[in-house]
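Have a look at the structure below before the remarks.
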Amino acid sequence: MMTDDSLAHATMGGGCFWCTEAAFKQLDGVNSVTSGYAGGHTEDPSYRAVCRGTTGHAEVIQIAYDPDEISYVDLLEVFFTIHDPTTKDRQGPDVGSQYRSIVLYHDEEQRDLAEDFVYELDASGAYDDSIVTEIEPLETFYEAEEKHQDYFEKNPRDAYCRMHAAPKVEKVRERFAE
């Protein structure tokens, strides 16, 4: 396992963090995935506060990865495969700004890569509707409470996980097996 100093980080939100966390943990080169909150105005928010939609934060994941094994663009490809970037403030049954599609970049290179990726994806006609993913600088990442970390692994029989997280995990396993 690499030291944290040699890892790069990516932060993104595409609906419920239980689902996106579980999907990204399937990838070689991903060292860890942490569920949390970012993009809002409330300091150190709780899950309940974020769910109320009053904090401005989105449910996000922060990925620590080895850039020699997996690129930021590869992570973007997975991200845009496992959620619908054309729905504003909604993913499946989850509705509200806390479930918005958002990429929070850590530096200007990530911003440029994300903007170019979205532009090319939109231009390709991959989706019937325009991509509404926000691309914003990461100001602060707040780690979610412990019970939300590794939620899918800890609760594989949970109905929400079976209906929403499991299909994303399978999609990543099938589409990104290489």
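Things worth noting here:
- Of the DSSP H helices in the chain, those that are both long (alpha-carbon extent of 15 Å or more along the helix axis) and hydrophobic (Kyte-Doolittle mean at least -0.5) are 72-82.
- Within the range 83-162, the ratio Rg/Rh, alpha carbon atoms throughout and Rh by Kirkwood, equals 1.03.
- Three-way shape call for the range 23-153 based on the alpha-carbon gyration tensor, with the a/c threshold at 1.5: oblate
- Distance violations [Cα-Cα > 22 Å] among Lys25/Lys168; Lys88/Lys147; Lys88/Lys168: Lys88/Lys147
- Accessible area per residue was computed with a 1.4 Å probe on protein heavy atoms; Val73 scores about 60 Å².
- Considering only Thr133, Pro93, Ser6, and ranking their Cα positions along the charge dipole of the chain that arises from unit charges at the beta-carbon of Lys, Arg, Asp and Glu, the one farthest toward the positive end is Pro93.
- Cα-based shape type of the range 59-110, given that a ≥ b ≥ c are square roots of the gyration tensor eigenvalues and the cut on a/c is 1.5: prolate
- Checking every one of the GluC sites (Glu not before Pro) in the range 92-167 against DSSP loop status and a limit of 10 other Cβ atoms within 10 Å picks out Glu139.
- Each peptide in 155-162, 75-82, 7-14 receives the mean, over its residues, of other Cβ atoms within 10 Å, and ordering these scores from highest gives 7-14, 75-82, 155-162.
- For the range 150-164 versus the range 14-84, the gap between their alpha-carbon centres in whole angstrom: 16
- Label-reachable residues, the range 112-127, where backbone N falls under 15 Å from a point 7 Å from Lys171's Cα toward its Cβ: 126-127
- Charge dipole (Cα centre; +1 on Lys/Arg Cβ, -1 on Asp/Glu Cβ; no other charges) of the chain amounts to roughly 1140 debye.
- Close amide H pairs (under 5 Å, H built 1.01 Å from N) link Ser101 with Asp89, Arg90, Glu134, residues at least 5 positions away or on another chain.
- Segment Arg157-Glu77, length gained on full extension (0.36 nm per residue, minus Cα span): 26.0 nm
- Rolling a 1.4 angstrom probe over the protein heavy atoms with all chains in place gives the range 39-178 an accessible area of 56 Å² per residue.
- Label-point gap, in nm, between Glu139 and Arg52 - each point 7 angstrom along Cα→Cβ: 2.0
- Approximating the spin labels as points 7 Å out from Cα along Cα→Cβ, the Asp112-to-Lys88 distance works out to 3.0 nm.
- Just the protein heavy atoms count here, and of the accessible area of the chain at 1.4 Å, carbon and sulfur take up 45 percent.
The values are calculated or read from the model by the stated rules, or taken from the named source; none is laboratory data. What you are looking at is a predicted structure, and each value in this text was computed from that prediction instead of being measured. Positions of Cβ are backbone-derived with ideal geometry, glycine not excepted, and every protein chain shown enters the neighbour counts. For the accessible areas, the whole protein counts, side chains as well, though only heavy atoms, and no ligand, DNA or RNA atoms are used. Shrake-Rupley method; radii C 1.70, N 1.55, O 1.52, S 1.80 Å.
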